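Worksheet: one structure, shown below.
The values are calculated or read from the model by the stated rules, or taken from the named source; none is laboratory data. Given the structure is predicted, the values throughout are model-derived calculations rather than measurements. Methodologically, a virtual Cβ is constructed for each residue, glycine included, from the backbone with ideal geometry; neighbour enumeration extends over all protein chains shown. Heads up: the accessible areas ignore ligands, DNA and RNA and are worked out on the full protein's heavy atoms, side chains in. Shrake-Rupley method; radii C 1.70, N 1.55, O 1.52, S 1.80 Å.
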Amino acid sequence: MIFGCANCHKYFQRYLPQLRGQSLYHMLRQIPVRMGKKYEPVALVDPCAAREAPQWYDDARAFLQRLGQPFQPLYPTAQDIVCCSFGGDIRVAAPALAKEMLEERIQRSTLPYLTYCTNCRDIYAAAGKESRHVLDLLSEADGGPYKAAPSLTVRRRNRERLKAELCRRFPGAAGAPETALAKNRLPLYISPELLRRMDQLLLTEDWS
């Protein structure tokens, strides 16, 4: 199994050790990639799961070097990595602490952030820090514009769409979930200000 998420890899190894797997970046550092692009310097921000998986730490760096992406590591060694504030549901149990942690992480560098964890990317983007996922460098010629963080509802709908698509491709799997795309549902408009407040309170839109 090829893992694009260090945290997923960690839990599969812990609870299903008989499953053989490796990181996506271990593969990417070995296959041909297009060179010659001009990338702006960034600060490489490792996810906290990489602290227990040095191979992820090394593979991500090797891939970026091969791609020609200039970067400054935010954490000098794997043991220096700290949580972005997403892990452990900190913002649920102690939102003030999560905010303090996030502000400290953002102040570590004035460069835009580049990470190989979707949760890290979205957490920093939601706080106004320019941030991008490593795979964005492959999907667009120059990495594309920095994207805003999706709301909690959008993240949930994306997972629902993915499950529905996998169920379509692989008949016999568990039934596809209901999604917000179902017909005969009234569109719901929520202002950006209210949506940000809902995200802070960990509330998703109610489509029922």
Task: Output for segment 93-138, where each listed residue is among the small types (G, A, S) and buried (at least 22 other Cβ atoms within 10 Å of the Cβ) - done: S131
- [ ] Determine, yes or no, whether P145 is under 28 Å from E193 (Cα atoms) and at pLDDT 85 or above.
- [x] no
- [ ] Output the residues belonging to segment 33-46 that are modelled with pLDDT of 90 or more, in a loop (DSSP other than H, G, I, E, B) and open to solvent by less than 60 Å² (accessible area, probe 1.4 Å).
- [x] D46
Task: Residue satisfying all of: in segment 79-92; β-branched (V, I, T) and modelled with pLDDT of 85 or more; surrounded by the fewest Cβ atoms within 10 Å (Cβ to Cβ) among these - done: V82
TODO: Mind telling me which of the residues P17, P76 ends up being more than 22 Å from I123 (Cα to Cα), of a type outside the set (K, R) and open to solvent by 70 Å² or more (accessible area, probe 1.4 Å)?
DONE: P17
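The rows are residues; the columns are (1) modelled with pLDDT under 90; (2) open to solvent by 40 Å² or more (accessible area, probe 1.4 Å).
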residue	(1), (2)
I31	yes, yes
C48	no, yes
A62	no, no
Q69	yes, no
Open item on the list: Step by step: first the residues of segment 1-14, then only those that are of a type in the set (A, V, I, L, M, F, W, C) and in a loop (DSSP other than H, G, I, E, B), then the one that is surrounded by the most Cβ atoms within 10 Å (Cβ to Cβ). Which residue is that?
Closed with: C5
- [ ] Keeping to segment 79-127, report how many residues are on the phi > 0 side of the Ramachandran plot and touching a residue at least 12 places away in the same chain (Cβ under 8 Å).
- [x] 1
Task: Which numbered condition N158 misses (of (1) polar (S, T, N, Q); (2) in a helix (DSSP H, G or I); (3) at pLDDT 90 or above) - done: (3)
